[in-house]
Every structure is written in structure tokens, then in C-alpha cells.
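Down below is the structure, laid out as C-alpha cells.
The values are calculated or read from the model by the stated rules, or taken from the named source; none is laboratory data. Just so it is clear, the structure is predicted and the values come from calculations on it, not from any experiment. So basically every Cβ, Gly included, is an ideal-geometry build from the backbone, and we count neighbours across all protein chains shown. Quick note on the areas: whole protein, heavy atoms, side chains included, nothing else; ligands and nucleic acids left out. Shrake-Rupley method; radii C 1.70, N 1.55, O 1.52, S 1.80 Å.
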Amino acid sequence: MTITDLIDCVRVTFAFLVVFGAVPCLVARISPGDRNLMSFCALAVRTSLFAAIAALGLGSMRICLPGSMLAGYLFLFLMLLWMAGSLEPLWQPQWRAALLHKILVFNENGHGTPRRLSAASGDRLRHWRIVREPAFLLSMFIAVAALSHSLQYVRFLNDQSYSRALSLQKLALGQPWTPDGSVAFLAPVVFLSSLDGATVVRFSGPLFMAVLALAGFAAVRGATGSSPVGLAAAAGLIILTAFSHSAELQAGGIALIFWLTGFSLWARYRWDALWSVALAMLIEPIPELNTVLCVSVILVIVFLARFGEATRRLLQASGTPLATAAIVCLILIPLHRGKTHGSQYNITARTVARITREFPRNTWLVVSPVQEVALTYGHGWHMELSEFVETYTVDEVRRPDFSFKFPVGDTFVFVEKEPLTSRSMASGLSELGPRFDPPMAPYLLRLNRASMQFQAARLLAAYRATHRGTEVFLEDQQLIVYRIRG
Amino acid sequence: MNKPLPACLKPRADDPRWAPPLDVNDAVVRLETAGITDAVAEREYGQRTTWQLAEACLPWSRMFVTAVEPEPRRSAVLEYLSGISFSFSLLLCCLAMALFRFSLWGGDVSANMAAAVGLGTVSSFITTGGIVQAMARRGIFLISVEDGATAEAACWRWVRLGIFCLAASGLALLTLARFYTWLPAPFDLAAVAFHLSLGLLWLATGILHMLERNMWSAVATAVGTLMVVWLHRAWRIELAAAQVVGILIAAAVAFSACFFFLRDRRRKHGGCPRPQSFAFDTYIAWPHFLFGTFYYLLVFSDRLLAWTVPDIGAPSAVQFRGDYETALDIALFGFILQAGNVRSSTVAFFHKLASAQKQLGLSRRSVFIRQMKEVYARRSAGFLAVAALTSVGLYTAVAHTTLLTNGQSYTALIWALFGFSALAVALWNTSLLFRLAQPSDVLGALIPAILLNVVLGYALTRLGAYHYAAVGFTAGALLYAMLTTRSVLRRMQSIDYYYFASAS
């Protein structure tokens, strides 16, 4: 973990809280209505749906850019203000004169009237009892546990995370983009944090995990009226997700949040419940097995708690042990799977992140497997290792007059000294099954990957022997990165 | 009539345009404006009402003849030159660019440095635009009432506020540029250095413009440019650093000139500065402050939009578009030639207004309004004619050079020529509305114009190419011109009232 990782984590957390916390709060202040937790959830669903639809619409026109998104939010707030009648005074000169007078008086006096916490505010806070619930504490622990892993590891454990990171980065840069509901509503977080898609996906996952625990708790508690049962259900959800996705929340996990929120809202806010379901389906149009399983588990827990006294007691008693188990799973499973799963060494991802940070934009090229595209996109250039080894031969690069002629200042060639092997890799294409993805496939075949790395190592060794401007940028037990100065 | 005639009904030595009252209504207005109410008329002149006093005084007042000495008026050419005198500094910069390939700012620098200079320049204009306008409003008023001491104190107070605003906005600019990586380090620092130094220069030249000493702005620019040449050529200092030093020296020269001129005014008028209230100043000058800020926002929004069009292969998020800038600078040159008319036209309009008012009584109000409408229409037609001539001339001249190299630049030039012509008309209307004390009309036109500029420019640049930012600017400028024309025509229906109200 570096200071930069910590700062990035704070930036994403701040942007996340603004987009999914402050914006609904602001909407709640503008719109008349209830001031309780469920109404806040309903508003959070509406604003998230707005963000998702706006990003999907703008992204399809390749203009999902900070200015467009800001304009979208401004439009939303102006509409709400107009509907609440708050804009009417603006057209009255007396109101404007009074405002100017207020400013002048403030200016002359040099201070304003101190605000006091009114009785109404205190009453409003009483509705937010969830902060005193053990589930809130659990979600905080979950966030910390999952974030500690994200702070430590730059690489992802699931291929879907790379795809989502690249998709989000393309969306935020206004590039051609295949609509993807699982990242669309994260566009405001990217703009506000000013970080790339990969970093936002990396740090928003743990935060969504904490939200998932809260959503699970709220759904079950609402249906059963028992907080310990809710705690047990939330912990159970986290354990299931930790096993199924190595504790990295994917589209299904995020959709699950909105399925559960819809379930919680159904009793009092029918329309918002429907919006929530709509958002869940935008994020994951065809629910995966894990989503169905988790929803089924929640329904079973609700059924057992409502209709069986003994099972209800058992569930109540198992809340705390399950919560502890959930946190342990969140810490241990990624650690264990990090050794056996994954399509990228952590040192590789960290080195790419360092290059993007330290070198001027678009003045460098990274030659490596396809996974690094998600980390370099929008910062610099990337060439696939397969293309590199196919384009050049050892005899060719050995010649002193040979030059790669890349139009950049620095070229970084990543060569795995110990070719990556993990359970996510296969020995043949047929083994990949549904995971078959043409750009990824060459690197997911063990022998193919090893062969490419070997060829790259030979090319670089031959080139280095006759060319001075080549140096080792980084070397450890698993990886060596060559830097070729342009 | 045993009492002496009220002073307002007698000729004044300092008013060459004085004329006897046209009728009793005119006499009553003059008496009431001079503070002679019914009570004063009874107490000091023995008449029961102001109206009776006016009726009594009218025959006596008519015995005075209209001043035969014509009002000293500068020629239209001199007024025009005075109107474009603010651009002498710019002309010097162009000359320096032709001689040395660089000037006080700008020149042959890297893409990132060009973006930094551009960003710093735009932000300095937007930050100081409002301050300079508000300062000029207060300064000109205080000088016109011969209170040079307070004018001097007020100017320096606005300068201090300007420096504070520059520092605060510079810090904000640096923070945003770092956080959102608009420019790679250390170019963001260069942007802030240009923002601060140029901002100081604009504050100083703003005072000189207010004092009608624009030649001194040119002198300051010349000194600064020579300093840049010396530092860059003789001492081999990097161009950007030499330019920042040169701008600071130019600002110091300009501030020194301001110091002496303001001190001269103070000594000439005598007295001590009156206590000032910032709240009062804000209350009086806020429309002018907003106008200054919004005007530069309107003028520069298109550039900001063009510079920030996403380009995945670019070295930074903000990119200076040289070809677009060249096209706009050419159109800006045409705008300066047209804007010179604003001052002379405004002076001529109000001269005609003042003289017509003295010739036409209340019974001939409709004739008076028709005459003023005719003057307005003639002057506006003059603007359009000059705009057409300037635009066609510039376009033809540019077409015979290699200044613009691609079709998109020519498209941008055509749109910008239209836009700046509309802006000149809008400024002419703005000048009239400000003189008629109707700043809210100006702001009411500027705000929708900026919105249109930004919204249309944003959509066109993001969906098309960055050259289309000029379309947004032209649409905004046209809307500004149309809305201000509508306001002027509306005010023209009661121009006598608005003129009187603005003078009182």
C-alpha cells in the first residue's frame, strides 16, 4: 500500500458518498415529503437511476463527459426547484433586492447568525436509527476489510472487473462504448474523483459491499421486524458473495443491492420499488446464478424467521457469529485466491499504475498482455504482447540499425520471468467455456502465454545486446520490465 | 418678483449647453430637481407652490439668451481613436510578435505551455473584468463630482480587492488543475503565474483607461516587451519565465503611472477622502461588476470549450488550439475596429439627446422620441455597415495570406466575424443602457447569451469538432445584440424619462 493508494481510496470514497449520499440528501431537502430512512433510500434509488439513464444516454452518443453530467445534474436540480416553487422568487425584483440587502448586511457585520440544531432536526435524526444497529457496524467493518484488500492489491481477481474498468474508462473519455449498466451509474464518481475507471472499480467494490450488507439487513429486518435476523441475513449474503466472486463485487452483486432495496421499499413506496428493480435490471439484465441464489437465500431466511419460532431463534443467535465469519471470509478469501486465481501479477498492475502516474500523458507505450489495457487506457498507449512477438523477430531486432520506431518517448516491455499460472487459466480453448473472450483467450492458455513471454524475453535480450538505450525499469522474482528510450 | 431668481433658472458658466426653460413644465422640473419644494418656494420665495414659483420666474428666465458659444466637441475621428485607444497595447504586442516571434505573452512555446498561457490569460480576464468595471464606475463618478481624494482611495481599495480575488482564484485554479490534471505539472504553475501577473496588469490598465490615459498602457506594454526581449535574448532565460517577469514589470510601470495620475487628481480637487463603505460600493457597483465578469465569460467561453474537447491522444486535458485561436484573433482585430465606434456613437447620441431636449417641449414629445429613434437607427446602421466592410475586408485579406491553413479555420473565422460584429452592436446598446442607468437590462441579456453560447458550443464541440465553438459564440453574441436592441427600443419610447432619471 502506498500513500497514493490511500489518497485514491479517499477520493473514490468521497465521490461515492457525494453521488450516492449527498445528492439524495440535497434532493430530499428540495422536494417536500417524508424525512426518514426509507424515503432517503427511495431518493437514492431515483438519483442512481437518473445517473444510470443519463450516463447510458450520453454514453451512447459518446458525450458522457464531466460537463454533460454536470449539466444533467443541474437540470435535475433546477427541475426539482421549479416543481417545489423555489425558483419563483428569483423572478421578483423585491426578492433579489432583499437578497442583496442580506448580503450587504452580512458583509457589514462580518458574521452571520449562528445556526442552532432545531427540535425538528433532532426529530429527523431519530428516524436514522440504523446508525445504532449492529448491521451498520458490520457494514463499516466490511468496508474496512474489503478496502484494506483493495489498498494492498492493484490487480483484480475477476476478468469481469477488467472489462468493467475498461468499459467505465471508455465511457468517461467519450469513446465508442458498448452500453453497460453495471458501470454507467459510476460515471459521476469517475468525474468527481478525477480517477480512472480501474481505480474507481477497485475502490467502489468494497463500498458497494458495505451497502449490500445494509440492503440485506434492511430487507430482512423490514420483513421480519428482527434486527438480529437481519444481521444474520446480511452476513450470509456477504459470505456467499465472498465465495462466489472472491470478495470482488461484480455486476450481479450491485444489482442485488437494488433487488433488495426494491424488496424493502415495496411496502411503502411502490413506484420507487419498481424503479429499484428497473435499475437492478439495467445493471444486470439477465440475473446470474449468484444473484438468484442470494435473493432465494434472503427469501428463505424471511420465510423461516416469520413462520418458524425455533429457526427464528436460531437465526437470531447466529447473527454475530455469521457477521464475524463474513469479515473473516472477506479478508482470507481474496488472500487465498490471490495466490491461485487472477490474470495478472500484482506487481504488473502496480508498475503500470506507477508509469501512468510518473510519466507525461501519451508519451509512453506499454507492451504487455491485454489485462493492462484497462489500466493504461486514456493515459498512454498499449501494444499487446502477442502482436509484439508476432511483428518482430530476433534476427531483425539484433541489427544495430534497427529501431522499433514507436512514436513515443518511452516504451515499457513487460516480460514475466515466471509466466503466470492460475486456476483461471486453461490448457485448451475448450476449457475456457463461457469465459472465452477473443482478446483475452491467448493469455488464458498456459502454454501460449508462456511461449509469448519466452519470445518477448528473447527479443529484448537480443535488442539490448546491440542497443544502448535499453534499461531495466523494474525487476523482481516474477517480472522484468524493460524501458526503451525513444 | 422681489426675490432673486433661483440659480437653476439662470445660465451657468460651466454649462455651455444651457438654454432658458421651454415652458412652465420645464421650469418646474428644473426647480424640483434643484430641491425647491413647495415648502422651500413658500419660505424662500414667497410663492405658495413650486408651480406658482415657476410661473412667476418663467418670463424672467426667458430673458436670458441661449448660450451662443458652441459646446466644445471633439471631432468624430478623435472620438473614434479615443475609442480604440485601449487596443494600442495589443497592437504593440502584434508588432513585437512580427519582429521577435514572441510578445509580452504568447509566442513559439510548447503545446502544454501554450495551454497554460491561454488558461492563465482567460482566467485573469474573467477574474479582473468585474473588478475593473466596478472600479471604473465608482472612480468616474467620484472624479466627475471633483472628489479626487475619494476616487484615489476607492481605486486602490478595488485594486486590493482585485489582488485578493486574483490570489483566491489562482489558488482555486491550481487546485482544480492539479486535481483534475488539466495540465501536467509544472505547467499548471505556469498558468497560475500568468493568471496573477496578467491580472495585475489588467487592474493597472483598467485605472489608466478610466483616467483616459491609454497611451500609458501602451508605454507599460512596450517596457514589458523590451524586458522580455532582453531577458530572453541576452540572458537566455526561458521565454515563459521572461514573459512573467516582463508582465510584472509592465504592471509595475502601469501602477506607477496610476499612482501619479490619481495623486494629481487628488491635489487638483483638494480635500480629504471621505469614509467609504464597502457595502455601499457593492450596492452601487454590483451590476457593473457582474457585467465585467459575464462579458468576459461570453467572450472566452468558446475558447474554453474548444480547448477542452476530449482527445484521447493529446498530451493534456486542456489543449491550446492554435488554428482556432488565429481565426478568432483575426476576428477580434475586426471587433476592435468596430468597437471604436461605440464611444463616438454614444457621445453623439447623448449630445443630440441633450440638445433636442432643450429645443422640444413637452407638447412635442413624440417628435423628440422620433428624432432620437432616428439617431439610434442611423448609428446602428453605421455599425452594421462598418461590420460588413471590416469583415469582408479582413476575410479577403486573410484569404490572400497563409495565416489560416485549413477549411475549419475559415469556417471558424466566418462565424467569429459574424459574432464579433454582433458583439459590437451589443456593446453599443450596452453603452446606451448603462448611460440610461438600466444595467438590469444588460445583465438580463448577457445571462441568456452566455447560457446559449455554452450550451450550443458544448453540444456542437462534443458532437462535432472544436471549431464549432465559434457557432456557439456567434449565437450568444447575436442573442445579446438582439435582447439589448429590444431593451433600447423599449426604453426609447420614454427616452426623456430615462434620461432625466439617469441624470438625477
Along the stretch B:22-34, what does the Karplus equation 6.51 cos²θ - 1.76 cosθ + 1.60 (θ = phi - 60°) give for ³J(HN,Hα), rounded to whole Hz, x for Gly and Pro? 6, 7, 5, 4, 4, 5, 5, 4, 5, 5, 5, 5, 7
Once every DSSP H run of n ≥ 4 in chain B is given -39500 (n - 2.57) and the sum is divided by its residues, what mean residue ellipticity at 222 nm do you get, rounded to the nearest 500 deg cm²/dmol? -26000 deg cm²/dmol
Equivalent-ellipsoid semi-axes of chain A, from the Cα gyration tensor, Å, largest first: 46, 31, 19
How large is the dipole of the protein assembly as shown about the Cα centre if only Lys and Arg carry +1 and Asp and Glu carry -1, each at its Cβ, rounded to the nearest 20 debye? 1700 debye
How many percent of Cα pairs in the stretch B:78-309 exceed 26 Å? 39 percent
Helix B:239-269 sits off the longest principal axis of the Cα atoms of chain B, rounded to the nearest 10 on a 0 to 90 degree scale, by 10 degrees
Among the trypsin sites (Lys or Arg not before Pro) in the stretch B:429-504, which ones are in a DSSP loop with at most 11 other Cβ atoms within 10 Å of the Cβ? Mind listing them? none
I want to check the label-to-label distance for residue B:354 and residue A:468. Put each point 7 Å from Cα in the C-beta direction and report it in nm to one decimal. 7.9 nm
Would you mind calculating the gained length between residue A:148 and residue A:7 on full extension (0.36 nm times residue separation, minus the Cα-Cα distance), in nm to one decimal? 49.4 nm
So what is the 222 nm mean residue ellipticity for chain A from helices alone, if each DSSP H run of at least 4 adds -39500 (n - 2.57) and you divide by all residues, rounding to the nearest 500 deg cm²/dmol? -21000 deg cm²/dmol
Percent relative contact order of chain B, based on C-alpha pairs within less than 8 angstrom and at least six residues apart? 16 percent
Counting pairs of alpha carbon atoms under 8 Å apart in space and at least six apart in sequence, what relative contact order in percent does the stretch B:321-504 give? 29 percent
For chain B, which whole percent of the accessible surface, found with a 1.4 angstrom probe, sits on carbon and sulfur atoms? 66 percent
Below 8 Å, C-alpha to C-alpha, sequence gap of six or more: please give me the relative contact order for chain A in percent. 15 percent
Quick one: with all protein chains in place, what share of the accessible area of chain A is carbon or sulfur, to the nearest percent (1.4 Å probe)? 64 percent
Taking 23 Å as the cut-off for C-alpha to C-alpha distance, list the pairs among B:268/B:358; A:170/A:339; B:10/B:358 that go past it. B:268/B:358; A:170/A:339
Heavy-atom accessible surface, probe 1.4 Å, ligands and DNA/RNA ignored: which residues of the stretch B:442-479 lose at least 30 Å² versus the isolated chain? B:458, B:462, B:463
Could you compute how fast chain B diffuses translationally, taking Rh as the Kirkwood radius over C-alpha pairs and applying Stokes-Einstein at 37 °C with viscosity 0.692 mPa s? Give it in µm² per second. 131 µm²/s
Within 10 Å of each candidate Cβ there may be at most 11 other Cβ atoms; applying that plus a DSSP loop requirement, which chymotrypsin sites (Phe, Trp or Tyr not before Pro) in the stretch B:142-240 survive? B:235
Using a 1.4 Å probe on protein heavy atoms only, how many Å² of accessible area do B and A hide from each other, summed over both chains and rounded to 100? 1600 Å²
Projected onto the charge dipole of chain B (unit charges on the beta-carbon of Lys, Arg, Asp and Glu, signs +1, +1, -1, -1), the Cα from B:189, B:293, B:167 with the largest positive-side position is that of B:293
Quick calc: nm separation of the 7 Å Cα→Cβ label points for residue A:175 and residue A:421 -> 3.4 nm
Show me B:420-429, A:326-335, A:402-411 ranked by packing, highest mean number of other Cβ atoms within 10 Å first. B:420-429, A:326-335, A:402-411
Report the FRET efficiency, 1/(1 + (r/R0)^6), for residue A:299 and residue A:268, where r is their Cβ-Cβ distance and R0 is 25 Å, rounded to 0.05. 0.80
What's the Kirkwood radius of the stretch B:321-504 in Å, using all Cα pairs? 17.6 Å
Per residue convex hull volume, Cα only, the stretch A:346-485, in Å³ is 107 Å³
When Cβ neighbours within 10 Å are restricted to other protein chains, what is their mean count per residue of peptide A:61-74? 3
For the stretch B:192-298, state which trypsin sites (Lys or Arg not before Pro) are in a DSSP loop and have at most 11 other beta carbons lying within 10 Å of their beta carbon. B:236
With Cα coordinates, the longest principal axis of chain A makes an angle with the long axis of helix A:346-358, in degrees rounded to 10, of 80 degrees
Cα pair distances in the stretch B:7-61, grouped into 5 Å bins until the bin that holds the longest one, percent each: 4, 23, 31, 24, 12, 5, 1
Computed over chain B, protein heavy atoms only, probe 1.4 angstrom, the accessible area per residue in square angstrom equals 46 Å²
Fully extended contour minus Cα-Cα distance, from residue B:76 to residue B:44, at 0.36 nm per residue: 6.9 nm
Nearest 20 debye, what's the magnitude of the dipole of chain A about its Cα centre given +1 on Lys and Arg Cβ and -1 on Asp and Glu Cβ? 1140 debye
Mind jotting down the three principal axis lengths of the protein assembly as shown based on Cα atoms? Whole angstrom, largest first. 117, 81, 46
Quick one: angle between helix A:197-224 and the longest Cα principal axis of chain A, in degrees between 0 and 90, rounded to 10, please. 40 degrees
Given A:360, A:348, A:385, which one lies farthest toward the positive end of the charge dipole of the stretch A:347-409, if we put +1 on the Cβ of every Lys and Arg and -1 on the Cβ of every Asp and Glu? A:360
For the protein assembly as shown, the charge dipole (Cβ of Lys, Arg +1; Cβ of Asp, Glu -1; about the Cα centre) points to a positive end, and the Cα of B:309, B:362, B:49 closest to that extreme belongs to B:49
Between the modelled labels at residue B:396 and residue A:31 (7 Å from Cα along Cα→Cβ) the distance in nm is 6.2 nm
With +1 on the Cβ of every Lys and Arg and -1 on the Cβ of every Asp and Glu, the dipole magnitude of the stretch B:7-61 about its Cα centre, in debye rounded to the nearest 20, is 120 debye
Return the long-range amide H neighbours of residue B:237 (sequence gap of 5 or more, or a different chain), with a cut-off of under 5 Å between placed amide H atoms. B:232
